[in-house]
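Encoded as structure tokens, the structure appears first; notes follow it.
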Amino acid sequence: MILAVTPSSGDWSLIVAIVLLLTLASLSALAETAIVRVSKAKAKSMADEGGPRERALLTLVKAPERWLNALLLVTLVSQIVQATLTGVVSGRLFGGLGIVVATVVNVGVAFIFAEVAPKTWALQHTDRAALMSARPVKLLADFAPLRLLSQGLIGLTNVILPGKGLKQGPYVSEEELLAVAAEAAEGSAIEHDERRLIEQIIEFGDTVVREVMVPRPDMITVNHDFRIADVMEVVLLNGLSRIPVLGESIDDVVGLVFAKDLMRAERDGREDDPVSGLVRPARPVPETKPVSELLREMQAEKFHMAIVIDEYGGTAGLVTLEDLIEELVGEIVDEFDTEDARIEPVPGGGVRVNGSLTIDDANDLLDMQLPEGDFDTISGLVLHKLGRLANVGDVAECDGARLTVERIQGKRIMRVRIEKVVPADHPSEQVSPS
């Protein structure tokens, strides 16, 4: 049996050094965990209302590459030197059992007190731990020899394993943002309406003008040779503030006429003059233009309506500022809107929808997964499935849904009935608006 030896003064010095190194490793682990978890927005808000600690924290959060490598190097050196000294002291005190004692100390004590405990505390008290660590870590990062040493080691690593990491980041995908919003809504951190608005803002960036425009068949227009009085009547009947003016055809939009200009002309006794004398320029935009860009242009250049042009130079439709805002906040209905409800429950099961309802809106409102493709609307999906012009009563089958054409105007599908289709071994299920 090997007995322990009474520690000498030199051994006590090593034990004190071991304790100090464990403490340093513990504080380094705490600082790393806490500061990394603080976002730039949170650090900025704290710095706006705080003092030196908050400003130091903001500096660290803005540039993690300036301090993180140095702090990791300090942590690693502390742990390695502590483990080495523990082995030396254990060998002196316990002889052949020293390796066992040193292993127990490093795996047990060091793991608990230099890793798990400080990191757990940092997760539980992130703001407090980050503020407490900010100034010491900043001093450490500003210590030139340590910074140069860590940069040299990183350079050596890049020689062995080429690559300098991401130039920007970390990156967060749209799916991750949506998942965070969903978790926040479930935890009552935000309202469900706020979650929906976040989702719409994210989708807004992926939407193009073609998806939100008033399509060509639905455009209300007047010819350039119409009398001012006649155009004024059209404007009043439809509750419009401006209306496109055509030249030879709908593909020749010569401009817009404003209701206020028509009223002024009528007051001046010019009601019999052609409306062409009041035309203002119309802004043409391609149908593939992102709506986020168009919204910024409308705000900056102060116009509320644009004519949408397709790839062949023809008129595809028109888009208004209201159409863009509705993509963010939902449908805006005023006293002049008389259109039928987009979704109407059917007593026999399923729902009846407008053919112009977009696939995205249908999937959101009906909680379905209708397929997407080179079409934007329910009527486009039906025509794609049929492969021909539709007739009343035609049925288009999709995965999990049956679409029945109920009303047609000319060649255009106006109303479609949608029913969920479930396998025979499942209970019956009907579509209902969410």
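For (1) touching a residue at least 60 places away in the same chain (Cβ under 8 Å); (2) in contact with a strand residue (DSSP E or B) (Cβ under 7 Å, 6 or more places away or on another chain), each residue gets a yes or a no:
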{"position": "GLU191", "(1), (2)": "no, no"}
{"position": "LEU197", "(1), (2)": "yes, no"}
{"position": "ILE201", "(1), (2)": "yes, no"}
{"position": "MET213", "(1), (2)": "yes, yes"}
{"position": "ARG216", "(1), (2)": "yes, yes"}
{"position": "MET219", "(1), (2)": "yes, yes"}
{"position": "ALA229", "(1), (2)": "no, no"}
{"position": "MET232", "(1), (2)": "no, no"}
{"position": "GLY239", "(1), (2)": "yes, no"}
**OP:** Quickly run through segment 20-55 and pick out the residues that are crowded, with 21+ Cβ neighbours inside 10 Å and among the small types (Gly, Ala, Ser).
**Re:** ALA25, SER26, SER28, ALA29, ALA31, ALA34, ALA43
Subject >> Any chance PRO281 is under 20 Å from VAL209 (Cβ atoms) and in the same structural domain as ASP218 (by TED's automatic domain parsing) >> reply: yes
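Enumerate the helices (runs of 4 or more DSSP H) found wholly within segment 34-99, keeping only those where 1 or more residues are touching a Phe, Trp or Tyr at 6+ places or on another chain (Cβ under 7 Å). So that I can check it myself, show each step before the final result.
Working: elements: 40-49, 52-62, 68-94.
Here the list reads 52-62.
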Subject >> Selection count, segment 27-75, where residues are of a type in the set (Val, Ile, Thr) and closer than 14 Å to LYS138 by Cβ >> reply: 5
Subject >> Residues of segment 70-117 that turn out to be closer than 26 Å to ARG147 by Cβ and touching a Lys or Arg at 6+ places or on another chain (Cβ under 8 Å), as a count >> reply: 1
Subject >> Selected residue (only one of GLY269, GLY239 is surrounded by fewer than 14 Cβ atoms within 10 Å (Cβ to Cβ), more than 24 Å from PRO215 (Cα to Cα) and either under 27 Å from the mean Cα position of the chain (by Cα) or among the small types (Gly, Ala, Ser) (or both)) >> reply: GLY269
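Given the criterion modelled with pLDDT under 80 and not in a loop (DSSP other than H, G, I, E, B), identify the matching residue among LEU324, LEU365. Before the answer, list the steps.
Details: LEU324 fails: modelled with pLDDT under 80.
LEU365 is the lone residue from the list that is modelled with pLDDT under 80 and not in a loop (DSSP other than H, G, I, E, B).
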Original post:
Looking at (1) in contact with a Pro (Cβ under 7 Å, 6 or more places away or on another chain); (2) at pLDDT below 90, which is the one condition that is false for ASP218?
Top reply: (1)
**OP:** Quick one: SER173 ticks every box in (1) more than 22 Å from ARG66 (Cα to Cα); (2) polar (S, T, N, Q); (3) modelled with pLDDT of 85 or more except a single one, so which number is it?
**Re:** (3)
Original post:
So GLU297 fits all but one of (1) in contact (Cβ under 8 Å) with a residue 24 or more places away in the chain; (2) surrounded by 14 or more Cβ atoms within 10 Å (Cβ to Cβ); (3) more than 19 Å from ASN223 (Cα to Cα); what number is the exception?
Top reply: (1)
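Residue under question is VAL245, and the condition is that it be part of a strand (DSSP E or B), within 38 Å of the chain's Cα centre (by Cα) and surrounded by 15 or more Cβ atoms within 10 Å (Cβ to Cβ); does it hold?
No; evaluated as a whole, the condition is false for this residue.
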Subject >> Pairs with Cβ under 7 Å, 6+ apart, first in segment 241-270 and polar (S, T, N, Q), second part of a strand (DSSP E or B) >> reply: SER241/PHE258
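The values are calculated or read from the model by the stated rules, or taken from the named source; none is laboratory data. These figures come from a predicted structure and were not determined experimentally. With ideal geometry, Cβ positions are generated from the backbone for all residues, glycine too; neighbour counts draw on all protein chains shown.
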